[in-house]
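For reference, the structure discussed in these notes is given below.
The values are calculated or read from the model by the stated rules, or taken from the named source; none is laboratory data. Given the structure is predicted, the values throughout are model-derived calculations rather than measurements. Note that each Cβ is placed from the backbone with ideal geometry, even for glycine, and that neighbours are counted across all protein chains shown.
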Amino acid sequence: MTPRITRRRFVAAGAAAGVAAATRPLFAAAPAVIARAGARPIVVGSANAAKFTNGGPRTGIAEAFERLTHGEDVLDALLAGVNILELDPEEDSVGYGGLPNADGVVQLDACCMHGPKRRAGAVAALEGVRTPSLVARAVMDQTDHHLLAGAGAREFARRLGFRVEDDLNTDHSRRLWLEWKRLTDPAHYPDPAARAAAGDRARREMVARGLVSAESVWGTVHCNGINAKGEMAGVTTTSGLAWKIPGRVGDSPIFGAGNYVDGAVGAAGSTGRGEANLYHLSSFLIVEQMRQGKHPKDAALEALGRIRAATTEKRLLRPDGRPNFQVKFYALDRAGRHAGVAMYGGEDVSYAVATENGPELLPMEALLPGSLAD
């Protein structure tokens, strides 16, 4: 007879596993590099994964590749990489110091998918935990579910031993929120639609004034990778749209939208306007296009083309009729072919890749000519 698992036993066992995951050292000793078994190890991700170190010796993508090539589980390696960004207070689009919602509260979303295990976990609107990606991993490992949200996700993390804080704002993120509040001034915009339009104008003004980058407003970090055994995984983590409606959830924690992995085919993830991507489940579409033999670049361009064709609301269009937002995809197939594709290009529109030659930023292919700012 299978022994009965009581709630108390489940919580106790989960707490030990959660504490181990949350406190795992970033630079633990690793075994010798595994020889290739027909696959070329590679990590592909958003550009910010190659820019932030949280005061350590390596960027997120470099850390992920280092761990992946020294035999660590493919998803664990990617998580260690994105944890660097989640914990870095200077990266204001994820984790600690991420730009808050309209009420000044940092709400975080994350999801992870493990190709070899064919399992996944996610959290949405999680408050108080700096590393939502690790809570997503705990959902995958410790429950029979895929997605936990809001107060339930926070309590789940608390019971597993994660540190839950009252406020994840930094002085920087709080100052930006206060400036956004000043520009939108609810007393002058009592109508919800007018207030939403004012909030969008305020975001654009703050970007134009150099107070915040466009990448931070829609900021997210995504990483996917393949190890020497051909095993694949992917992870996406974000603080979501800056100054969003409380409770708003975009594409990042939704499987098939912000992240999708089929270990037999490939992986894809997204950053940018989550609503546009969520409507089309574009990461799933990209992987399915790769399943049919398309190169990752062509598969991602197909997804962007569908988003463009479906964008018909005037408020989402530029005067020239093209989408007035950016969406980026990061795609990797089982053979190690990869691509970074964006709605618009430009000198600073790039994606990160780490191989045996080291980490680098590569220009993204663009669906439309010019830059979003043109």
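Before moving on, here are some points about what is shown:
- In the condition set (1) in contact (Cβ under 8 Å) with a residue 24 or more places away in the chain; (2) closer than 23 Å to residue 112 by Cβ, residue 288 is compliant with all but (1).
- Just so you know, in the range 116-148 the residues that are assigned to a loop (DSSP other than H, G, I, E, B) and among the basic types (Lys, Arg) include one that is nearest to residue 103 (Cα to Cα), and it is 130.
Rundown of residues vs (1) of a type outside the set (A, V, I, L, M, F, W, C); (2) outside the structural domain of residue 333 (by TED's automatic domain parsing); (3) more than 16 Å from residue 332 (Cβ to Cβ); (4) without any contact (Cβ under 8 Å) to a residue 40 or more places away in the chain, yes/no style:
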site	(1), (2), (3), (4)
222	yes, no, no, no
243	no, no, yes, no
250	yes, no, yes, no
268	no, no, no, no
273	yes, no, yes, no
278	no, no, yes, yes
282	yes, no, no, no
313	yes, no, yes, yes
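- Condition met for residue 116 (in the same structural domain as residue 157 (by TED's automatic domain parsing) and more than 18 Å from residue 46 (Cβ to Cβ)): yes
- Remark: residue 151 falls outside the filter, which requires a residue to be assigned by TED's automatic domain parsing to the domain that holds residue 241, outside any loop (DSSP other than H, G, I, E, B) and buried (at least 24 other Cβ atoms within 10 Å of the Cβ).
- Of all the listed residues (283, 350), the sole one being buried (at least 24 other Cβ atoms within 10 Å of the Cβ), in contact with a strand residue (DSSP E or B) (Cβ under 9 Å, 6 or more places away or on another chain) and not aromatic (Phe, Trp, Tyr) is 283.
- Residue satisfying all of: in the range 66-82; assigned to a helix (DSSP H, G or I) and either among the charged types (D, E, K, R) or free of Cβ contacts under 8 Å to residues at least 12 places away in the same chain (or both); farthest from residue 138 (Cα to Cα) among these: 66
- Test result for residue 302, free of Cβ contacts under 8 Å to residues at least 60 places away in the same chain and over 25 Å from residue 229 (Cβ atoms): yes
- Residue list for the range 100-115, filter: crowded, with 24+ Cβ neighbours inside 10 Å, assigned to a loop (DSSP other than H, G, I, E, B) and touching a Phe, Trp or Tyr at 6+ places or on another chain (Cβ under 7 Å): 100
- Scanning the range 329-342 for residues that are under 18 Å from the mean Cα position of the chain (by Cα), more than 8 Å from residue 296 (Cα to Cα) and among the aliphatic types (A, V, I, L, M) returns 341, 342.
- Taken together, the residues in the range 34-65 that are modelled with pLDDT of 95 or more and either in contact with a helix residue (DSSP H, G or I) (Cβ under 6 Å, 6 or more places away or on another chain) or in a loop (DSSP other than H, G, I, E, B) (or both) amount to 18.
- Condition broken by residue 328, with the remaining ones in (1) touching a residue at least 60 places away in the same chain (Cβ under 8 Å); (2) assigned to a loop (DSSP other than H, G, I, E, B); (3) not hydroxyl-bearing (Ser, Thr, Tyr) satisfied: (2)
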